[in-house]
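The values are calculated or read from the model by the stated rules, or taken from the named source; none is laboratory data. Here the structure is a predicted model, which means the values were calculated and not measured. Here the Cβ is made from the backbone with ideal geometry for all residues, glycine too, and neighbour counts use every protein chain on show.
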Amino acid sequence: MDATVVSFAGMTHLGIISAIATAAKGFSVVGYDGVVRRLDRQDLSILEPDLDRLLVANRDRIRFSNTSSDVSACDVVYIAADVPTNDAGESDLVPIAALVDGISRHLRDDAILVVLCQVPPGFTRSISSEPHSRLFYQVETLIFGRAVERALNPERFIVGCADPEKPLPPRYREILDAFGCPILPMRYESAELAKISINFCFVASVTVANVLAELSESIGADWAEIVPALRLDRRVGQYSYLSPGLGIAGGNLERDLRTVLNLAGERGTDVGVVNAWIANSRRRRDWCWGVLQERVVNSNPTARIGVLGLAYKEHTHSTKNSPALALLGRLRRMDLRVHDPVVPAAIVTYATGCSEPLACAEGADALVLTTPWLQYRELQIADLARLMTGRVLIDPYRLLNGGEAAAAGFEYHALGMPPLGPAEPGTAMLVHGNDRPVMPKRAVVMGAGGFVGNAIACRLERDRVLVLRLTRRDVDLLAADGVDRLAARLRPGDVLVAVSALAPCRNAEMLRDNIIMVAAMLRAAAAEPLAFVVNISSDAVYADSAAPLSEASVKAPESLHGVMHLAREIMFTSEKKAPLAILRPTLIYGAADPHNGFGPNRFWRLARSREPIKPFGKGEERRDHVSIYDVAELAACVIYRRSVGALNIATGTVTSFREIAEMVLRISNWPVPIEEMPRTGPMPHNGYRAFDTTSCRAAFPDFSFVPLQNGLAEMARRHVTTATI
């Protein structure tokens, strides 16, 4: 059998993404559209992460054509044009039907026709130009901004068939099998309704989040603190969409709602819940306007308003039903400044366009962040305070640090939480018990055999502090006599450094055991009056945030590992008998780390053994990495000053994994390649986890972190000699 040739008819967003993804799986692809000159120049005119690179990598397998007869050479032809909708969300199927008819005239007798674009139930069966034995409907579930990822790694294929009991044609099956996911055949109408059903569940989740987020705002709750509890409930699930937003936008979801309303109207079925969803969407779309009206416009009708973001979401040019445009429409008589990284400001004819985000803030009485673009996360509160005239920040998606904004005198508004501030500036998360460093009588390090525990013990011993190193062989906290054995080793006036943990915590059994271990430490410590306790926690206790994390950020872990550390913190806090410090280091690196964690430690080991370094994707994730020496140094500072409270241990600088791999190779001078490894899921923490180090600088102004380049060079030296602290 000759190699299968695939065609995608309709080179809009859906067709372009699907064609390039199929070429990436090794198939020869013909992309047909009436106008393809721009595609031949690789001018895609759509914005999707990684799309341009994918096209370049597979350019020899894909050909673009504006001649419909070219599909006659293809075994499988997809109808893949985007379906236009009007302002009411109704689909215009006329161009899709015309495309089907035009393509059908050129198909071979054995060719397969697949409708990929989103059509209402009944559309596929109504096609008469092709035998139904060779006609299929395939559900697409691309998401603007994540379309390439989802096209390459689909969760499943839903296939509408005339007869679901019959096997799929071999050529078509070959294409689907290349993506390595489950295939679910069903009748045409079921598949068409399945696509709508998926979006309905999504809309239901969005509406639940919006309804309860609004309630949270009014009663003093924080929706972000509630979300982790829902994700751990099996009836809800960890992948549920629980983030509140500014209503439903973009066109696709609205189309499905309108389709069901029309079908229900024809058949007399109940759709009251759909009308409720639409009403809630309109209400939440106007959330920013409600805040602005109350806090700014009513008292200052001539206020200058800065609006950051015009697209309906990040990673797209689309402004279809954009909440930003709806807001600007209400403000058209005011002094407006607008910015968007990809949408021309000229589409808002009554506003002044700005080339940079900070230009929108200059002289503004209020700043509204309507689209969660990555670059808006980089805005510094200090810059906004310097440039803005007023002090109202409206940040629905929490791109900025609300606590820092309040400390700087801003009134900070975000979805799902009560307004913050303005707060008293200069509030520190650590309070020193000693006005100068004082050496403890003795420090007991639980978990001294581990990477972090050993480093802290070594640092204290360097200052001639008497350290009792305890490992699991000395005291097994899970054993029946663990409490008694630890209590027998503690003395009045000891400093207890609690590092012992089973980490990373991967399952319920490990979570249970970690809680038992902390309970044992607390019971043993209750028998002796300790001078001070230091609990080594983790930045995993924090919810993902578009803004840099501070000690005041929402603690809402999204992993069992984070849940474990937060449970430990709560236990130490609620049952403390001595002053307590909680230290939350981010990603730690060091030559003696026994774990093969993704990042500096693994990259060094791979390079040392002359194996390729393989970052996920393009290694674009940006994270903060802290040296084990800095962790130990700050732990010693906290112990000597008896500093009570919480402290994040992070440098405040984010670096991509690709940059780290390149640093490793430059420092080591080893001839090792960097090979990109395909992602199998979304980037952890959305590919970005930065920290606000204000509290650390305020608590220990003389301390400075080891720059990553220097830390990696030290790792190189120790890897060459011996892997020790």
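Only a single item in (1) closer than 28 Å to Leu257 by Cβ; (2) of a type in the set (Val, Ile, Thr); (3) in a helix (DSSP H, G or I); (4) modelled with pLDDT of 90 or more is not met by Val119, and it is number (3).
One residue alone among Ile649, Ile613, Ile582, Ile588 is assigned by TED's automatic domain parsing to the domain that holds Phe705, more than 24 Å from Val495 (Cβ to Cβ) and β-branched (Val, Ile, Thr), and that residue is Ile613. Considering (1) assigned to a loop (DSSP other than H, G, I, E, B); (2) under 17 Å from Ala303 (Cα atoms), the lone condition that Ser355 does not fulfil carries the number (2). State all residues of the stretch 297-326 that are out of contact with any Pro (no Cβ under 7 Å at 6 or more places or on another chain), assigned to a strand (DSSP E or B) and aliphatic (A, V, I, L, M); if no residue qualifies, say none. Passing the criteria: Ile305, Val307.
Hey, does the stretch 606-622 have a residue that's of a type in the set (Ser, Thr, Tyr), part of a loop (DSSP other than H, G, I, E, B) and without any contact (Cβ under 8 Å) to a residue 12 or more places away in the chain? Looking through the stretch 606-622, at least one residue is of a type in the set (Ser, Thr, Tyr), part of a loop (DSSP other than H, G, I, E, B) and without any contact (Cβ under 8 Å) to a residue 12 or more places away in the chain. Pull up the stretch 650-670, narrow it to residues that are assigned to a helix (DSSP H, G or I), closer than 20 Å to Phe616 by Cα and touching a residue at least 24 places away in the same chain (Cβ under 8 Å), then point me to the one that is nearest to the chain's Cα centre (by Cα). Applying the filter and picking the extreme gives Phe657. Taken together, Arg642, Arg717, Arg608, Arg697 contain a single residue that is on the phi > 0 side of the Ramachandran plot and either surrounded by fewer than 22 Cβ atoms within 10 Å (Cβ to Cβ) or not acidic (Asp, Glu) (or both), which is Arg642.
Residues that are buried (at least 24 other Cβ atoms within 10 Å of the Cβ) and part of a helix (DSSP H, G or I) within the stretch 525-539 comprise just one, Ala525.
Of the residues making up the stretch 528-553, those that are at pLDDT 90 or above and of a type in the set (S, T, N, Q) are Asn535, Ser537, Ser538. Look at the stretch 262-273: where a residue is under 14 Å from Phe200 (Cβ atoms) and a partner is modelled with pLDDT under 80 and assigned to a loop (DSSP other than H, G, I, E, B), sitting 6+ places away or on another chain with Cβ atoms under 7 Å, you get Ala264/Val271.
Tally time: how many residues in the stretch 546-577 are among the hydroxyl-bearing types (Ser, Thr, Tyr) and out of contact with any Phe, Trp or Tyr (no Cβ under 9 Å at 6 or more places or on another chain)? I'd like the intermediate steps shown before the answer.
So in the stretch 546-577, the residues among the hydroxyl-bearing types (Ser, Thr, Tyr) come out as 550, 553, 559, 573-574.
Applying the additional criterion that residues be out of contact with any Phe, Trp or Tyr (no Cβ under 9 Å at 6 or more places or on another chain) yields 559, 573-574.
The number of residues fulfilling the criteria is 3.
Taking each residue of the stretch 53-74 that is under 16 Å from Gly15 (Cα atoms) and among the aromatic types (Phe, Trp, Tyr) and looking for partners that are modelled with pLDDT of 90 or more and assigned to a helix (DSSP H, G or I) with beta-carbon atoms closer than 9 Å, six or more apart or interchain, yields Phe64/Ala19.
Looking only at the stretch 177-211, how many residues end up being part of a helix (DSSP H, G or I), under 28 Å from the mean Cα position of the chain (by Cα) and in contact (Cβ under 8 Å) with a residue 12 or more places away in the chain? It would help to see each step written out before you state the result.
Our first condition is that a residue be part of a helix (DSSP H, G or I); within the stretch 177-211, this holds for 177, 188-211.
After this cut, where a residue has to be under 28 Å from the mean Cα position of the chain (by Cα) as well, the list is 194-211.
Filter once more, so that each one left must be in contact (Cβ under 8 Å) with a residue 12 or more places away in the chain: 194-196, 198-200, 202-211.
So the answer is 16.
Pro357 falls short on exactly one of the conditions (1) modelled with pLDDT under 95; (2) crowded, with 19+ Cβ neighbours inside 10 Å, and that condition is (1). Among the numbered conditions (1) in contact with a helix residue (DSSP H, G or I) (Cβ under 6 Å, 6 or more places away or on another chain); (2) part of a loop (DSSP other than H, G, I, E, B); (3) among the hydrophobic types (A, V, I, L, M, F, W, C); (4) farther than 30 Å from Ala414 by Cα, the only one that Leu242 does not meet is (4). Out of Ala479, Ala448, I need the residue that is among the small types (Gly, Ala, Ser), in a loop (DSSP other than H, G, I, E, B) and either over 23 Å from Val644 (Cα atoms) or touching a Pro at 6+ places or on another chain (Cβ under 8 Å) (or both). Which one? Of Ala479, Ala448, the one residue that is among the small types (Gly, Ala, Ser), in a loop (DSSP other than H, G, I, E, B) and either over 23 Å from Val644 (Cα atoms) or touching a Pro at 6+ places or on another chain (Cβ under 8 Å) (or both) is Ala479. Does the stretch 657-669 contain at least one residue that is at pLDDT 85 or above and either polar (S, T, N, Q) or within 26 Å of Asn434 (Cα to Cα) (or both)? No: the stretch 657-669 contains no residue that is at pLDDT 85 or above and either polar (S, T, N, Q) or within 26 Å of Asn434 (Cα to Cα) (or both).
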